[in-house]
1. Looking only at segment 79-95, how many residues end up being at pLDDT below 95, over 17 Å from L37 (Cα atoms) and surrounded by 11 or more Cβ atoms within 10 Å (Cβ to Cβ)?
2. Within segment 51-85, can you find the residues that are outside any strand (DSSP E or B) and not β-branched (V, I, T)?
3. Within the bounds of segment 41-50, is there any residue that is among the small types (G, A, S), outside any strand (DSSP E or B), open to solvent by 30 Å² or more (accessible area, probe 1.4 Å) and at pLDDT below 95?
4. For segment 103-114, give me each residue that is open to solvent by less than 60 Å² (accessible area, probe 1.4 Å), within 14 Å of A80 (Cα to Cα) and part of a strand (DSSP E or B).
Amino acid sequence: MNKLFHFRTVMSLLFVSSFTVALAAQGEKPFTINGQLKEFREGKIYLTIYAEGMTRTDSSSIRQGKFSIGGMLQDDIVLAILSMPVPASQEQLAENPFANRSSRIFYLTPGKKTVSANRLEGLLFSG
């Protein structure tokens with residue numbers, strides 16, 4: 001009977017812990033952004049997500065004009081910014097201190113997205 005009690009206790013603990021993990025993971029939804037930028041063959045792109053009173057930033061390399069970035073979202077829709085450094089002359093920077101940044105603000109939802117454009121400002125979303 002003592003072994004049976006231990007077995008039931010262990011099985012109960014396993015059930016409760018797996019149920020708790022399932023509930024916690026239930027709120028997370030995956031997203032992926034696959035993109036193509038015609039003007040930029042190589043570089044780095046940054047995704048900043050504003051959600052749940054917090055900010056998080058992730059990055060991806062641009063290779064042969066293509067990039068892919070993904071993660072998990074707790075909410076169904078969040079504010080996000082894709083940004084990247086771009087070449088700018090001293091004259092351009094004198095006129096506009098943000099001339100060396102390309103960016104696009106958008107609402108991000110779970111699921112797979114495909115984006116394409118010459119630069120981030122002109123991104124077209126599908127998916």
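The values are calculated or read from the model by the stated rules, or taken from the named source; none is laboratory data. The structure presented is a predicted model; accordingly, all values stated were derived computationally and were not measured. Every residue, glycine as well, gets a Cβ built from its backbone with ideal geometry; the counts of neighbours run over all protein chains shown. Surface areas here come from the heavy atoms of the whole protein model, side chains and all, with no ligands, DNA or RNA. Shrake-Rupley method; radii C 1.70, N 1.55, O 1.52, S 1.80 Å.
1. Qualifying residue count, segment 79-95: 3.
2. Applying the first criterion (outside any strand (DSSP E or B)) to segment 51-85 yields 52-53, 64-65, 74-77.
Those that are outside any strand (DSSP E or B) and not β-branched (V, I, T): E52, G53, Q64, G65, Q74, D75, D76.
3. Here is the first cut: in segment 41-50, the residues among the small types (G, A, S) are 43.
Okay, now just the ones that are also outside any strand (DSSP E or B), so none.
Checked against the condition, which is being among the small types (G, A, S), outside any strand (DSSP E or B), open to solvent by 30 Å² or more (accessible area, probe 1.4 Å) and at pLDDT below 95, segment 41-50 yields no hits at all.
4. Of all residues in segment 103-114, those open to solvent by less than 60 Å² (accessible area, probe 1.4 Å) come to 103, 106, 108-111, 113.
Pick out the ones that are also within 14 Å of A80 (Cα to Cα) and you get 103, 106, 108-110, 113.
Selection gives S103, F106, L108, K113.
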